[in-house]
Each structure stands twice: as C-alpha cells, then as structure tokens.
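Some notes on the structure that comes next.
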Amino acid sequence: METKTKLKTHAKLGFSSMDTAEMVTTMNELIANYHVFYQKLRNYHWNVTGPDFFDLHEKFEELYTTAVTDIDEIAEKIRVFGATPLSTLTDYLQTSEIRETGSKLTAIEMTREVLSDIETLDSFMLEVADAAGNVGDTATMDMMNSMMRRIEKEHWMLTAWLNEPKKH
Ligand SMILES: [Fe+2]
C-alpha cells in the first residue's frame, strides 16, 4: 500500500514545510505555555507553605522535572521539521495563555492554579495532535498522546487531593 507521505515532495522526513506549519505554530504555543507553567511550578515548589508543604513541595518538583523533558522534546521536534522553536522568555510571556502569579498563594490556591494550567496544556497538546493528524504525522500524535495521558492522570490525582466539589 502506498502511504500518503510517499506522494509528497519531501522536505523533512516526508513532510513539507506547508505540512508542518500548523504543527510548528501549535507546538510553539505549547512550548510557551509549558515554559510559563514550568516557572510557576518552581515558584510554588520554593514558596509553598503550610501543613501540606512536604507533599506539594515534592509534587511540584516532580511536575517541573517532567516539564523540562517535555519542553525539550517538543522544541527538538520543531528542529526536526527545520523550524525554530520559541526560545526566549519574552516570547514565552507574550505567547502564553497560562499567566504567572506571585508567590504569596496558599497551598490550595497553588494547586488550583496548577490544575487549571494542566487543562490549558492539555488543550494545546490536543491542538498539536490534531494538526499532526491532519498530515498523517503519527509520531507527533504519539508524542502528544503520551504527554496528555500523563498530565491527565496528574490532573485526576491533584483533583482527588484537593477534594473540592465539582464546578459543573
Ligand atoms: Fe528544590
């Protein structure tokens, strides 16, 4: 069976720059959001206080450690396509939907922020996966799926930890 990509003019691994344009745009948005999220987690890791300090201090570190690996993987995928990942803090802050907060939040407020940010990240990952699906890039879809599987599980666990009534 002839695959779709074999019929294309090959630029990078069978995908033309037109094929990858939407993926690169959405991946850059994802990187920007993920980077602001990463720094928020460091902020919360350092500044969380109260009886849940040990739990959350550790959990936030676990999350930002994973974030570093994910961001790197996404940025390098953009390089695979021959494009340039957003790489400056200025670009991240301008592009990110996830907003920074100060440091004087309660442990509960920090956890609510993290939960809402995970929802934002999940939707950007889905956008990348959709863009990849449009051009049959199963490798990128797979990368996004595995990231989504992991952060959705984190979302569940943090929601269970927070144990607040459902919004809807
Ligand atoms: Fe630390």
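Per residue of the stretch 49-57, in order, report the coupling 6.51 cos²θ - 1.76 cosθ + 1.60 (Karplus, θ = phi - 60°) as ³J(HN,Hα) in whole Hz, putting x for Gly and Pro.
9, x, x, 9, 3, 5, 4, 6, 3
For the pair residue 16 and residue 108, what calculated FRET efficiency results from E = 1/(1 + (r/R0)^6), where r is the Cβ-Cβ distance and R0 = 45 Å, to the nearest 0.05?
Numbers: r = 48 Å, r/R0 = 1.07.
The formula returns an efficiency of 0.40 here.
How far is it, in nm, from the label point at residue 84 to the one at residue 53 when both lie 7 Å from their Cα along the line to the Cβ?
4.5
Lys and Arg at +1, Asp and Glu at -1: add these up for the other residues within a Cβ distance under 13 Å of residue 99 and post the number. Write out the running numbers ahead of the final one.
Values: positive: 40; negative: 97, 100, 113, 117.
For residues surrounding residue 99, the net value is -3.
Take the alpha carbon atoms of the stretch 98-168, find their radius of gyration, then divide it by 2.2 N^0.38 Å using N residues; give the quotient. Numbers along the way, then the final one.
Details: Rg = 14.7 Å, N = 71, 2.2 N^0.38 = 11.1 Å.
Compactness ratio reported: 1.32.
Subtracting the Cα-Cα distance from 0.36 nm times the residue separation, let me have the gained length for residue 95 to residue 160 in nm, one decimal.
Working: separation 65, 0.36 × 65 = 23.40 nm, distance 3.08 nm.
This chain segment gains 20.3 nm when fully extended.
Of 49, 60, 35, which is farthest on the positive side of the dipole of the stretch 31-70, counting Cα position, with +1 on Lys and Arg Cβ, -1 on Asp and Glu Cβ, and the Cα centre as origin?
Positive-most Cα among the choices belongs to 35.
How big is the accessible area of residue 15 in square angstrom, nearest 10, if you roll a 1.4 angstrom probe over the protein chains?
Residue 15 has an accessible surface of roughly 20 Å² with all protein chains in place.
Using a probe radius of 1.4 Å on heavy atoms only, what accessible surface per residue do you get for the stretch 17-162? Whole Å² is fine. Don't skip to the answer; put the middle values down first.
On the way: 7330 Å² over 146 residues.
I get 50 Å² per residue for this part.
Accessible area of the chain with a 1.4 Å probe: how many percent of it is carbon plus sulfur? The partial results should precede the final answer.
Numbers: 5180 of 9600 Å².
Carbon and sulfur: 54 percent of the exposed surface of the chain.
Quick one: Karplus J couplings for the stretch 58-75, per residue in order, coefficients 6.51, -1.76, 1.60, θ = phi - 60°, nearest Hz, x for Gly and Pro?
6, 4, 5, 5, 4, 5, 6, 5, 5, 4, 4, 5, 5, 4, 4, 5, 5, 4
Under Stokes-Einstein, with the Kirkwood radius over Cα pairs standing in for Rh, what whole-number D in µm²/s applies to the stretch 54-142 at 10 °C and 1.306 mPa s? Provide the component values of the computation, followed by the final result.
Values: Rh = 15.1 Å.
Translational diffusion coefficient: 105 µm²/s.
Mind jotting down a quarter of the surface of the convex hull over the alpha carbons of the chain, in square nanometres, one decimal? If you can, show how the numbers build up before the last one.
Details: hull surface 43.8 nm².
Answer in nm², one decimal: 10.9.
Would you kindly derive the ³J(HN,Hα) couplings of the stretch 29-37 from the backbone phi angles with the Karplus curve 6.51 cos²θ - 1.76 cosθ + 1.60 (θ = phi - 60°), listing them in order in whole Hz, with x for Gly and Pro?
Karplus values, whole Hz, x for Gly and Pro: 4, 5, 4, 4, 5, 5, 5, 5, 4.
Whole angstrom only: what separates the Cα centroid of the stretch 17-57 from the Cα centroid of the stretch 118-168?
13
For the ranges 23-34, 138-149, 117-128, what's the packing order if you count other beta-carbon atoms within 10 Å of each residue, average per peptide, and put the highest first? Intermediate values should be presented prior to the final figure.
Details: 23-34: 23.2, 138-149: 16.5, 117-128: 19.6.
Taking the mean over residues of other Cβ atoms within 10 Å, the ranking is 23-34, 117-128, 138-149.
Rounded to the nearest 20 debye, what is the charge dipole size of the chain about its Cα centre when +1 sits on each Lys and Arg Cβ and -1 on each Asp and Glu Cβ?
Details: 17 positive and 28 negative charges, 46 e Å.
Its charge dipole is roughly 220 debye.
Can you tally the lysine pairs in the stretch 1-154 where the Cα-Cα distance is under 22 Å and the two residues are eight or more apart, or on different chains?
So the count works out to 10.
The values are calculated or read from the model by the stated rules, or taken from the named source; none is laboratory data. Computed from a predicted structure; not experimentally measured. For neighbour counting, all protein chains shown are included, and Cβ atoms are generated from backbone atoms with ideal geometry for every residue, glycine included. Just the protein is used for accessible areas: all its heavy atoms, side chains included, with ligands, DNA and RNA removed. Shrake-Rupley method; radii C 1.70, N 1.55, O 1.52, S 1.80 Å.
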